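Since the structure comes first, as structure tokens, the remarks are kept for the end.
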Amino acid sequence: MKYFFTSDEHYGHTNIIKYCDRPFKNVDDMDTEIIKRHNEVVGDEDIVIHAGDFTMRKNAREAKNYMKRLNGMHIFIRGSHDYWMDNSYHEIWEKQIGDNYIVVCHYAMRVWAKSHYNSWQLFGHSHGKLEEIEKQIDVGVDTHNFYPYSLDEIQKIMNKKADNFNLINK
């Protein structure tokens, strides 16, 4: 079992192709390709954290049709366009994985839970247009050739980043 993180797939959102200059002919081409790339790296036993804006579809049945096509077990964080979600979905996901405390939210934060202990914050929403600070990564598909990030990839990136500005001595 591995962890993967992604955001801003925007399944079913025709205008996102234009807004983000995505290299797809149409929404069906985009949806099919993002699903294909997801399934190339994610296995059935893997856990995928979606940091918001999974689909622009307005009802859960349509969102579940996308979910059925994706490998893995899924945790969804509410984004700014997740109209299909009810109140049972969270806006922040936090978990200790190995030595790393990870905070996932659709939005970038200046500080986050345990940031003063060098925790990581993974976010979406900005489609690669917002500068990351210290132990922070935009995990949106637009920043990773439309693939989800594996925890191993994130670890390698974080190892090269500066400590959080508010790090306190342990």
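The numbers here are math on the coordinates, done by the rules we state, and not lab data. Note that the structure is predicted; figures quoted are calculated from it, not measured. Note that each Cβ is placed from the backbone with ideal geometry, even for glycine, and that neighbours are counted across all protein chains shown.
Have a look at 101, 146, 30 and report the one farthest towards the positive end of the charge dipole of the chain, computed about the Cα centre with Cβ charges (Lys/Arg +1, Asp/Glu -1).
101
What size of dipole, in debye to the nearest 20, comes out for the range 1-74 about its Cα centre when the only charges are +1 on Lys and Arg C-beta atoms and -1 on Asp and Glu C-beta atoms? Don't skip to the end; give the middle numbers.
Values: 12 positive and 13 negative charges, 53 e Å.
Charge dipole of the range 1-74: 260 debye, to the nearest 20.
Can you work out D for the chain in µm² s⁻¹ from Stokes-Einstein, where Rh is the Kirkwood radius over C-alpha pairs, the temperature is 25 °C and the viscosity is 0.890 mPa s?
It comes out at roughly 151 µm²/s.
So for 112, 93, fewest C-beta neighbours within 10 Å to most, what's the order? List each step's numbers first, then the result.
Values: 112 23, 93 17.
Ascending number of Cβ neighbours within 10 Å: 93, 112.
In what sequence, highest mean first, do 114-120, 8-14, 97-103 appear when ranked by Cβ atoms within 10 angstrom?
Per-residue Cβ counts within 10 Å, averaged per peptide and sorted highest first, yield 8-14, 114-120, 97-103.
Test of understanding: what is the full-extension gain from residue 88 to residue 65, defined as 0.36 nm times their sequence separation minus their Cα-Cα distance? Please report the intermediate quantities before stating the final value.
Working: separation 23, 0.36 × 23 = 8.28 nm, distance 1.90 nm.
Here the answer is 6.4 nm.
Which entries of 95/160; 2/161; 36/114; 58/95; 18/161 show an alpha-carbon separation above 24 angstrom in the structure shown? Spell out each step's value before the answer.
Details: 95/160 21 Å; 2/161 22 Å; 36/114 35 Å; 58/95 29 Å; 18/161 32 Å.
Where the Cα-Cα span goes over 24 Å, the pairs concerned are 36/114; 58/95; 18/161.
Go ahead and estimate [θ] at 222 nm for the chain from helices alone: -39,500 (n - 2.57) per DSSP H run with n ≥ 4, summed, over the residue count, rounded to 500. Before the final figure, lay out each step's value.
Numbers: 4 runs with 37 residues, N = 170.
Calculated at 222 nm, the ellipticity per residue is -6000 deg cm²/dmol.
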